[in-house]
1. Filter the stretch 108-150 down to residues that are exposed (fewer than 14 other Cβ atoms within 10 Å of the Cβ) and among the charged types (D, E, K, R), then give me how many there are.
2. Given the criteria among the polar types (S, T, N, Q) and under 14 Å from the mean Cα position of the chain (by Cα), does Gln147 qualify?
3. Inside the stretch 130-139, can you point out the residues that are without any contact (Cβ under 8 Å) to a residue 40 or more places away in the chain and either in contact with a strand residue (DSSP E or B) (Cβ under 9 Å, 6 or more places away or on another chain) or of a type in the set (A, V, I, L, M, F, W, C) (or both)?
4. So which residues in the stretch 20-36 are in contact (Cβ under 8 Å) with a residue 40 or more places away in the chain and within 16 Å of ligand 2 (Cβ to nearest atom), if there are any at all?
5. Could you list, in sequence order, all residues of the stretch 198-233 that are of a type in the set (Asp, Glu) and either farther than 19 Å from Ala67 by Cβ or not assigned by TED's automatic domain parsing to the domain that holds Ala19 (or both)?
6. Mind listing whichever residues of the stretch 37-91 are assigned to a loop (DSSP other than H, G, I, E, B) and either among the polar types (S, T, N, Q) or within 16 Å of ligand 2 (Cβ to nearest atom) (or both)?
7. Inside the stretch 65-78, can you point out the residues that are surrounded by 22 or more Cβ atoms within 10 Å (Cβ to Cβ) and either within 13 Å of Gly100 (Cβ to Cβ) or hydrophobic (A, V, I, L, M, F, W, C) (or both)?
Amino acid sequence: MNVKPDFTRDANQAATAPAYFSVHDIHAYYGESYIVQGVSFNVHEGEILALLGRNGAGKTSTLRTCARLGNPELQRGEIWLDHKPLHKMKAHEASQAGLGLVPEDRRIIAGLTVEENLKLAQIAPPVGWSLERLYELFPRLGERRKQEGITLSGGEQQMLAIARALARDVKLLLLDEPYEGLAPVIVDEIEKTLHEIRKLGMTTIIVEQNAVRALEISDRAIILDTGGVVFDGTAAEVLSNAELRAEYLAI
Ligand SMILES: Nc1ncnc2c1ncn2[C@@H]1O[C@H](COP(=O)(O)OP(=O)(O)OP(=O)(O)O)[C@@H](O)[C@H]1O
Ligand SMILES: [Mg+2]
């Protein structure tokens, strides 16, 4: 049995319910390069967390470490998702445990239609989302179900990448720059979808250069700088703190 430690207890706080997703003092390396330097944070079930910071701060590396991709390699620390020790797992096990990373390049599979991309991701019903439910959430994908996935627009490809994670029955969605290169109206559409899946209980971590847009839908925010956490608080605190924004987010 895996007994999850209570990382949510700190000096100023009585013990609270253990967080749904806990990252505790993780250290990770690309070869000799020490990149993730003792990152800790919690995400509660159903929450949206913005993971922010300048270029090269270590956001992607932190997500990749959590997904156990092996590169960067986790040397020390613990990662718990719903009482499951991801730090002891390989990437496919972390994925089975419910972690779904949607990488920046979206990884749509060439030669397959939208529907084939989704079917490939689907695990046996009734566990993952049905195609009907996915098309209800993303009507654009329904309209284009027979179109080859890689011929979709950037925004539609982002929707397909998120839909694919839902088809796999993801519990924790990690989005690396989902708004990159997208027009504001498409960002609106994706934001609306993230709200909808949040209402259904999804827990989400969003990494974004577009910090203001990410903060708008987030409950809390973490700011990283040179591989460590320099701020952990509410999204509203970041939006109202000009100094913090200027120093770490250039906004
Ligand atoms: N495969 C790699 N090998 C060695 N160093 C790497 C590798 N990938 C990233 N790094 C380094 O790790 C640091 C953090 O990179 P990371 O991609 O995690 O930053 P980021 O916060 O996601 O930045 P951006 O906002 O530009 O996406 C950078 O200094 C980067 O050069
Ligand atoms: Mg990145």
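1. Residues meeting the conditions: 5.
2. On the way: among the polar types (S, T, N, Q): yes; under 14 Å from the mean Cα position of the chain (by Cα): no.
No, not satisfied.
3. Residues of the stretch 130-139 without any contact (Cβ under 8 Å) to a residue 40 or more places away in the chain: 130-136, 139.
Once the filter is applied, which keeps residues that are without any contact (Cβ under 8 Å) to a residue 40 or more places away in the chain and either in contact with a strand residue (DSSP E or B) (Cβ under 9 Å, 6 or more places away or on another chain) or of a type in the set (A, V, I, L, M, F, W, C) (or both), the stretch 130-139 yields Leu131, Leu134.
4. So in the stretch 20-36, the residues in contact (Cβ under 8 Å) with a residue 40 or more places away in the chain come out as 20-30, 34-36.
Matches in the stretch 20-36: Ala28, Tyr30, Ile35, Val36.
5. Step one: of the stretch 198-233, the residues of a type in the set (Asp, Glu) are 208, 216, 219, 225, 232.
Answer for the stretch 198-233, where residues must be of a type in the set (Asp, Glu) and either farther than 19 Å from Ala67 by Cβ or not assigned by TED's automatic domain parsing to the domain that holds Ala19 (or both): Glu216, Asp219, Asp225, Asp232.
6. Restricting attention to the stretch 37-91, the residues satisfying the condition of being assigned to a loop (DSSP other than H, G, I, E, B) are 44-47, 53-58, 67-72, 82-83, 89-90.
Within the stretch 37-91, Gly53, Arg54, Asn55, Gly56, Ala57, Gly58, Ala67, Leu69, Asn71, Pro72 qualify.
7. First pass over the stretch 65-78, keeping only residues surrounded by 22 or more Cβ atoms within 10 Å (Cβ to Cβ): 65-66, 68, 72.
Residues satisfying the conditions are Cys66, Arg68.
Conditions (1) at pLDDT 95 or above; (2) over 24 Å from Leu99 (Cβ atoms), marked per residue:
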{"residue": "Phe138", "(1), (2)": "yes, no"}
{"residue": "Arg144", "(1), (2)": "yes, yes"}
{"residue": "Gln158", "(1), (2)": "yes, no"}
{"residue": "Asp169", "(1), (2)": "no, no"}
{"residue": "Glu180", "(1), (2)": "no, no"}
{"residue": "Thr204", "(1), (2)": "yes, no"}
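The values are calculated or read from the model by the stated rules, or taken from the named source; none is laboratory data. These figures come from a predicted structure and were not determined experimentally. Every residue, glycine among them, receives a Cβ derived from its backbone with ideal geometry; neighbour counts consider all protein chains shown.
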